Amino acid sequence: MSAAAEPASVATVDGEVFAEGEVTAAVAPAFCAALVAAARAAPAGPLMVDMGALELEDGVTVARVVTALRAAREGRPSLTLREAPQMLAHTLYKVGMLGGDLRLEAPRSEQGFGAS
């Protein structure tokens, strides 16, 4: 994460939720509450959450977002995450949340750094 990262925010545009910026441990509770509120305020039916500009600081932050996504999908036929960060997509797979009513669309694949 860069020092110039944008603060985390959630917005709803035309019934689609956009989650963006850097979610750190300090802002995760407020971000997750905003994510759930935006999902609940969106029109009934399938929900798309665009995460293309979202960065998650660490595993604890990812776990908090997973909990928020559980709440966000309640009462919806489906929840699709567009361009979810790799760590979030992997965690959703590992805890068995993918499939059925929770889907990934074009999850990101961050490049690791290692010896060449």
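The values are calculated or read from the model by the stated rules, or taken from the named source; none is laboratory data. None of these values were measured; they are calculated from a predicted model. For neighbour counting, all protein chains shown are included, and Cβ atoms are generated from backbone atoms with ideal geometry for every residue, glycine included.
Just a few scattered comments:
- The residue pairs whose first member lies in the range 86-105 and is in contact (Cβ under 8 Å) with a residue 12 or more places away in the chain and closer than 17 Å to Leu56 by Cα, whose second member is assigned to a loop (DSSP other than H, G, I, E, B) and among the aromatic types (Phe, Trp, Tyr), and whose beta carbons are closer than 6 Å, counting only pairs six or more residues apart or on different chains, do not exist in this structure.
- Verdict on Gly52 being among the small types (Gly, Ala, Ser), touching a Ser or Thr at 6+ places or on another chain (Cβ under 8 Å) and outside any loop (DSSP other than H, G, I, E, B): no
- Test: residue in the range 41-62 that is in contact with a Cys (Cβ under 8 Å, 6 or more places away or on another chain) and farther than 17 Å from Gly15 by Cα: no
- Among the candidates Glu110, Glu74, residue that is modelled with pLDDT under 95, in a loop (DSSP other than H, G, I, E, B), in contact with a helix residue (DSSP H, G or I) (Cβ under 6 Å, 6 or more places away or on another chain) and of a type outside the set (Gly, Ala, Ser): Glu110
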